[in-house]
Amino acid sequence: MRFVGEKIDASIDAYLKPVETNWQPADFLPDTTRETFLDEVKQLRESTRELSYDYVAVLVGDTITEEALPTYESWLMDMEGVNQAEPNSWTRWIRSWTAEENRHGDLLNKFLYLSGRVNMRAMEVSTQYLIADGFDIGTGRDPYRNFIYTSFQELATNVSHRRTATLAKQAGCVQLSKICGVIASDELRHAKAYKAFVSQILEVDPTGMMLAFEDMMRKKIVMPAHFLRETGVKISETFSHFSDAAQRLGVYTTMDYIEIAESLLVDWNIESVNDLSDAGQRARDYLMALPGRLRRVAERTKVPMLEYPFSWIAA
Ligand SMILES: [Fe+2]
Ligand SMILES: [Fe+2]
């Protein structure tokens, strides 16, 4: 952590944007101070009419996931090598990353509120539950495992926000398409940063990093909202309905999971990492064979076609 942390200022400059010039949620929402505000809201509401039931449900799930940012920040702050009481480079990274991420939930939440398509109270209950329930992503306090997780997760959110952008455009909702698009591009920048941290660690501790990667993939990368729930619905049940809806829409699918894993193998050049212990070599072999194996399993699994009535959807 000290080794990677030494170059953190360069990473902040390379992968995060200065606050003053960064986009803010207000840039993509009707301006309440303008005379035209109510007309703009009316247009916004009309523009969301063609968004499908599953689409709105997935967008709500995405929003709640973004809104649980306190869980993610506190988790990262607790990594070995990070100490809030003695601010070092890593606390700077985590705070700056959090500050960028915080705009995502903020923007999506306000948009959904104005859209009139969402039962806001039900969504807020789910958000409060998710933050209260926390998560267990199987990384412990280990930075290696955490950086594998965040690399994967930022790519997964890039895919899903990118797809919701495309679908919004197809449904004639240009504003929402822009919103999902700018969020997706943040996620991609963040993914690049976490992938760079992993690459740097691979240089100095290939075996340690390889074992961490293997361990995370064996456990499977769980989504940060895996404890998602609604009032009166059992924990984890809501999440599977949300994830089924995302599969049905093609917003985030099992194939995406496999393709992300594959892209990480390529980006980190896992095949050619040498200087490994015996266990490290076995981990590398396991990882290289994984996408093929997952593909065979994926071909056999079916996505439930049935729409689930989410408490979040108003109309
Ligand atoms: Fe985000
Ligand atoms: Fe993110």
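Assorted remarks:
- Cα centroid separation - the range 170-203 against the range 251-302, whole Å: 21
- Take the chain and mark each of the GluC sites (Glu not before Pro) that is in a DSSP loop with at most 15 other Cβ atoms within 10 Å; the longest unmarked stretch, sites excluded, is 81-306.
- Electrostatic dipole magnitude of the chain [Cβ: Lys, Arg +1; Asp, Glu -1; Cα centre; debye, to 20]: 800
- Where labels lie 7 Å past Cα in the beta-carbon direction, separation of Thr231 and Met288 in nm: 5.5
- Charged side chains reduced to their Cβ positions (Lys and Arg at +1, Asp and Glu at -1) give the range 33-129 a dipole of some 320 debye around its Cα centre.
- Volume in Å³ per residue [convex hull over Cα atoms, computed for the chain]: 137
- Per residue, the convex hull volume that the Cα atoms of the range 5-73 enclose (Å³): 147
- Backbone N within the range 108-131 under 17 Å of label point (7 Å from Glu46 Cα along the Cβ vector): 115-117
- Along the axis of the charge dipole computed for the range 180-315 (Cβ charges of +1 for Lys and Arg, -1 for Asp and Glu, origin at the Cα centre), the listed residues Thr207, Ala298, Asn274 are led at the positive end by Ala298.
- Sparse-neighbourhood loop sites, trypsin sites (Lys or Arg not before Pro) in the range 231-303 - DSSP loop, at most 11 other Cβ within 10 angstrom: Lys234, Lys302
- Solvent-accessible area, 1.4 Å probe, carbon plus sulfur percent, for the range 166-293: 52
- Top positive-direction residue, dipole computed over the chain with Cβ charges, set Ala14, Phe227, Cys173: Cys173
- Placing unit charges on each Cβ (+1 for Lys and Arg, -1 for Asp and Glu) gives the range 148-240 a dipole about its Cα centre, and among Ser151, Ala196, Thr238 the Cα reaching farthest toward its positive end belongs to Thr238.
- Solvent-accessible area per residue for the range 31-184 (1.4 angstrom probe, square angstrom): 43
- Expressed as a fraction of 2.2 N^0.38 Å, the C-alpha radius of gyration for the range 99-181 is 1.30.
- Translational diffusion of the range 15-120, µm² s⁻¹ [Kirkwood Rh, Cα pairs; Stokes-Einstein; 10 °C; 1.306 mPa s]: 99
The values are calculated or read from the model by the stated rules, or taken from the named source; none is laboratory data. In this text the structure is predicted, and so the values were computed from the model without any measurement. Note that each Cβ is placed from the backbone with ideal geometry, even for glycine, and that neighbours are counted across all protein chains shown. Surface accessibility is based on the protein's heavy atoms, side chains included, excluding ligands, DNA and RNA. Shrake-Rupley method; radii C 1.70, N 1.55, O 1.52, S 1.80 Å.
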